[in-house]
1. From the list 104, 111, pick out the single residue that is without any contact (Cβ under 8 Å) to a residue 24 or more places away in the chain, more than 16 Å from the ligand (Cβ to nearest atom) and within 21 Å of the chain's Cα centre (by Cα).
2. Pick from segment 161-199 the residues that are in contact with a Gly (Cβ under 7 Å, 6 or more places away or on another chain) and among the hydrophobic types (A, V, I, L, M, F, W, C): which of them is farthest from residue 356 (Cα to Cα)?
3. From (1) in contact (Cβ under 8 Å) with a residue 40 or more places away in the chain; (2) within 16 Å of the ligand (Cβ to nearest atom); (3) small (Gly, Ala, Ser), pick out the condition that doesn't hold for residue 234.
4. If I filter segment 252-267 down to residues being among the hydrophobic types (A, V, I, L, M, F, W, C) and within 14 Å of the ligand (Cβ to nearest atom), which single residue comes out as farthest from residue 317 (Cα to Cα)?
5. Just to be sure I understand, how many residues within segment 50-90 are more than 26 Å from residue 12 (Cβ to Cβ) and more than 16 Å from the ligand (Cβ to nearest atom)?
6. How many residues are over 22 Å from the mean Cα position of the chain (by Cα) and farther than 19 Å from residue 252 by Cβ when one looks only at segment 129-158?
7. If you take the residues of segment 369-387 that are of a type in the set (Lys, Arg) and surrounded by fewer than 20 Cβ atoms within 10 Å (Cβ to Cβ), which of them is nearest to residue 410 (Cα to Cα)?
8. Considering only segment 152-174, state which residues are in a loop (DSSP other than H, G, I, E, B) and either surrounded by 14 or more Cβ atoms within 10 Å (Cβ to Cβ) or of a type in the set (A, V, I, L, M, F, W, C) (or both).
Amino acid sequence: MLDQKEFAALLQAAKRLECGFAGLPKLDSGEVPGMERLEEVLNATAERLKDNYPYFHPLYAGQMLKPPHPVARLAYALAMWLNPNNHALDGGRATSAMEKEAVGEIAGMFGWTSFLGHLCGSGTMANLEALWVSGQLHPGKKILASEQAHYTHSRISAVLQLPFEPIATDKFGRMDTDALAKRLERGDLGTVVVTMGTTATGSVDPLREILELRAKHGFRIHADAAYGGYFVLAENLERDARLALEQIGKVDSIVIDPHKHGLQPYGCGCVLFRDPGVGRLYKHDSPYTYFSSKELHLGEISLECSRPGASAAALWATQKLLPLRKGGEFARGLEQGRKAALALFEKLRADSRFVTAFPPELDILFFAPRADRVSESSALSRKLFEAAAKRNLHLAVAELPIHFWEENLSGMKRDRDKITCLRSVLMKPEHLEYVERIWELLSMAALEVFRGTDVKTKIEN
Ligand SMILES: *Cc1c(COP(=O)(O)O)cnc(C)c1O
């Protein structure tokens, strides 16, 4: 986890940065007052931080947590010596330029060259901004998103006082286009949010079909690609996900989270608009923020005001080291996680102790223990989660509708309409080497959990 060489590289870069300010009168630095106390508090902080799951380790295979790339951590730390603010050029001249370049590279990944976009504090803030623009352009009109869309969309709609309506999902967890088409006949619609990789199962909404509906009915499309956006670079997707992601450049706005799959520290979301003209919606005339430049500042095209310039420095550095290219090292990392998810899914599918549903479209899989009833399976999922955690294998628990499983449930009594199941996000490239180890630990945990249930005989057979 810790690499001394990283600290050495940081020190060297920090000295170089310091040279940039050599012309200033010297500040009396001397001994940092209270260094001893500082060390004490820092150690106490380390003690407190121990109470975390090991997010950096491949045996952490639960929620969407991926360690930032070392260069992102270092560039962030380096920028923190200045702590620039990308609200305006006054606060972050260099990092504003870096943000524009880095965001341009992300937009380029979707085929956009002329666009409006910037970094945000998170996917939530980025989606808020996209739906705010939707609401400005279609005041009072409905926002539609699938039942599996991130819950943030209904909440943001409430904040913006825009009516929100969920659309049913099909058995692959994607927006059901028949249900959407039926809803469109009633009119009154402003924006359809398509989720390019749902948070729960990584399902990709059928964007091609939804674009056809747009041609007929006319509405805005916002792509929430917070999780799945980077998979436009992966070359090992199945047909449906690939065809949908290929169309992403045709939507009106896109959200992508560099702090999810883009190897960034938290605090890095991104929103992009295909029409740069939406910049006019942000107009304001603050008397105090913009003195030093006539150019359009990032602060003039962003709802958030203060934002960390360090985020931009980290993203810029990461993309310099790992350009967003098909076939490149960054893309290979995504492909490895997906391969890992497929490999683990196949093991689960072939094992009668578990029930699986559709295969992963990206790198997220889910499964449940087989039992006589859905309620029993749900209870076993929680036990399996605990039993795996005891063995240092960290999974996640999810509640998913039973229609995702369909015939796979076979004889299971459907006494609940949702199953509490296990979910695993294999988003680290190292997960690929760990599939066997993960499977071993999961099998051991299952052995413990199934002991004493009817399934025991099935294991022994
Ligand atoms: C994570 C996620 C969000 C929310 O983004 P944050 O960065 O956590 O605020 C929104 N939509 C989708 C599809 C997500 O996966």
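The values are calculated or read from the model by the stated rules, or taken from the named source; none is laboratory data. Quantities reported herein were computed from a predicted structural model and do not represent experimental measurements. When we count neighbours, we look across all protein chains shown, and the Cβ atoms used for this are built from the backbone with ideal geometry, even at glycine.
1. 104
2. The residue in question is 162.
3. (2)
4. Taking segment 252-267 and keeping what is among the hydrophobic types (A, V, I, L, M, F, W, C), we get 254-256, 263.
So of that shortlist, the ones also within 14 Å of the ligand (Cβ to nearest atom) come out as 254-256.
Details: 254: 22, 255: 21, 256: 18 Å.
Checked segment 252-267; the qualifying residue farthest from residue 317 (Cα to Cα) is 254.
5. First, the residues of segment 50-90 that are more than 26 Å from residue 12 (Cβ to Cβ): 50-55, 57-66, 87-90.
Next, from what is left, pick out any that are more than 16 Å from the ligand (Cβ to nearest atom): 50-54, 57-61, 87-90.
Qualifying residue count, segment 50-90: 14.
6. Adding up the residues that qualify gives 1.
7. Residues of segment 369-387 that are of a type in the set (Lys, Arg), as a first pass: 370, 373, 382-383.
Then keep just the ones that are surrounded by fewer than 20 Cβ atoms within 10 Å (Cβ to Cβ); that gives 373, 382-383.
Working: 373: 11, 382: 22, 383: 22 Å.
The selected residue is 373.
8. If we filter segment 152-174 for residues that are in a loop (DSSP other than H, G, I, E, B), which is where we start, we get 160-163, 168, 170-174.
Passing the criteria: 160, 162, 163, 168, 170, 171, 172, 173, 174.
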